[in-house]
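Before any comments, here is the structure.
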Amino acid sequence: MSTEADSADAVAVDRNRRARVLAALGDPIRLAVVDLLRVQDLSPDALAVAVEVPGNLLAHHLKVLEEAEVVVRRHSQGDRRRTYVHLQLGSLSGLLAPRPTIETPRVVFVCTQNSARSVIAESLWNSVSDVPAVSAGTKPAAQVNERAREVIERHGLSIDHFPQSLDDVLRPDDLVVSVCDAANEELSQPTPRLHWSILDPAELDTTEAFDDTFAQLLSRIVQLAPNVHTPRQSKARSTR
């Protein structure tokens, strides 16, 4: 049974957490880093260029954000020498300004084989957004991973997909969302692009790994989807 003392302790813990986060955000450079990471994961090199600071100074700011549990760094599954900085979304509840609006006629989720992560993302996105989504791969597999198919169907979503090449799918005005480090590092298309550094569940090949991937993608998509809309011109044409 909870007590008033337990409740007071919980409030104090949350207040201390928020104070640490707010203190970590109390610097223009760190705030700029967090703004960039709200929609995608970036390497430290890319962040240093984006916020226009030398790498050693960025390392200091990332350490402050890591100690406040605002960001974590993960090794790339493509180039193991590379890391990506990932925003801990729950740590910023109620602290940030609204996300920017993105206009695109279509979202394209990309991973290397187009057999698991990108397929799950496509199914999830199409279940929550009116903006259509497809998925593709840089080196498409022969078929969809069976565990990916199972986790999609187990959550009541539909899947009617065969792995396809990004070169055959991509249009100039698509919003590309890479969900695979290796694919992100291969991409060179000048289209609007975001990156989510999601671990490959096929490496563990367990139900739990695919459930975790599903949950990560769902969290990202629920955050992004309300801010993605079709261009006004497309809406006007569709109503004529």
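Is there a residue in segment 49-66 that is within 30 Å of S129 (Cβ to Cβ) and either in a loop (DSSP other than H, G, I, E, B) or under 16 Å from the mean Cα position of the chain (by Cα) (or both)? There is no residue in segment 49-66 that is within 30 Å of S129 (Cβ to Cβ) and either in a loop (DSSP other than H, G, I, E, B) or under 16 Å from the mean Cα position of the chain (by Cα) (or both).
The lone criterion from (1) of a type outside the set (A, V, I, L, M, F, W, C); (2) in contact (Cβ under 8 Å) with a residue 40 or more places away in the chain; (3) assigned to a loop (DSSP other than H, G, I, E, B) left unmet by S91 is number (3). Residue-level analysis places D79 among those that are in a loop (DSSP other than H, G, I, E, B) and of a type in the set (D, E, K, R).
Given E186, E153, which one is among the acidic types (D, E), closer than 29 Å to V85 by Cβ and assigned by TED's automatic domain parsing to the domain that holds V108? Testing whether each residue is among the acidic types (D, E), closer than 29 Å to V85 by Cβ and assigned by TED's automatic domain parsing to the domain that holds V108 leaves just E186. The set of residues in segment 69-84 being in contact with a strand residue (DSSP E or B) (Cβ under 9 Å, 6 or more places away or on another chain) and over 23 Å from T138 (Cβ atoms) consists of V70, V71, V72, R73.
On the stretch given as segment 44-72, residues that are free of Cβ contacts under 8 Å to residues at least 40 places away in the same chain and of a type in the set (D, E) total 3.
The values are calculated or read from the model by the stated rules, or taken from the named source; none is laboratory data. Because the structure is predicted, anything quoted here is derived from the model rather than measured. Don't worry about glycine lacking a Cβ; one is built from the backbone with ideal geometry, like all the others, and counts go over all protein chains shown.
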